[in-house]
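First up is the structure itself, then whatever we jot down about it.
The values are calculated or read from the model by the stated rules, or taken from the named source; none is laboratory data. All of these numbers come straight from a predicted model, not from anything done at the bench. Please note: Cβ atoms are built from the backbone with ideal geometry, for glycine as well, and neighbour counts cover all protein chains shown. For accessibility, only protein heavy atoms count, side chains too; no ligands or nucleic acids. Shrake-Rupley method; radii C 1.70, N 1.55, O 1.52, S 1.80 Å.
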Amino acid sequence: MSQPMNPYDTPEVSRPGMSGTAKLLLGLGIGCGVLVLLCCGVFGASTWWMVRTAQKSITQDPAEVRRLTAEIVTIDIPESLPPKGGVDFKMPIVGTQVMTGAAYGDDADEEVLLLGQFGEMFNDENMQMQWRESMRTRGQRDWDDVEIDQTEKHEVEIHGQPANFRVAKGHVSKSNDEIWQVTGSFQGKAGPAMLILRVRASNFTKEQVLAMLDSMK
C-alpha cells in the first residue's frame, strides 16, 4: 500500500523564477485540496494526482493574476505591490473549485498581499488552519516572529456583507523593522475568502493601508 503524501511536501513545485509568495499560495491550495480529499475519505494515488493538478494550476502571468483577483474581489492595489503569482485550482475530473488565489509583493518577498477564495466546503476555521500550516511548513521567514505594538479592527462592506479586518502595527523581532500586518476573512464573489497583507510602515501609512481595504467591493 502506498504511503499517504504529505500535502506540503512538493519538491517539484518550484519553477525557475517562482517567487516565495507564489510558492506559498500554491502550498496553501494543495493543503486545501488534500483537506477536501480527507473529508471525502480519499487518499493515496488520488492525492498524488491532486498535487500534480495543483502544480499545473499556478500562473505567474501578471494579466492572469489580475484576472484571478477580479474573480475574488475588486480592490485597488498599489503599483509597489506588483503581481507575483496566482492559482486557479479545481479538483480533477469533477471540476469542483477548491481555491482561487492571487499573490502580490516586492522582489524580496518582504512585502506581500495574498488573496484567496475557497470552495463553499470551507469555512473560516478551515482557511485559517491551512494558511498557518502552509506558512509553518514552507518556512516563510518572520511571519510569526512579529511583536505587535497596537491593533484595531476595521470593518468594511464587501458584496453586501460586513467584513472585519485586524489591522496591526508591530515590529519584526529579528530585524526590528516596523510593519503593518492585516488579516481578515470576507465573502468573495464565489465563496469564502481571505486577505493577508504585510507591508513596511516606512512605505505605507495607516491611511494607505485602510484605503486599500476600503476599496474592496
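Some points to look at:
- Within the range 56-74, the set of residues being crowded, with 16+ Cβ neighbours inside 10 Å, part of a helix (DSSP H, G or I) and not charged (D, E, K, R) comprises Val65, Leu68, Thr69, Ile72.
- Residue match in the range 79-88 (condition: closer than 17 Å to Leu197 by Cα, at pLDDT below 90, in contact with a Leu (Cβ under 9 Å, 6 or more places away or on another chain) and open to solvent by less than 10 Å² (accessible area, probe 1.4 Å)): yes
- Residue ranges of strands (runs of 3 or more DSSP E) in the range 106-217 with at least 2 members under 15 Å from Leu81 (Cα atoms), open to solvent by less than 40 Å² (accessible area, probe 1.4 Å) and modelled with pLDDT of 90 or more: 112-118, 178-187, 192-200
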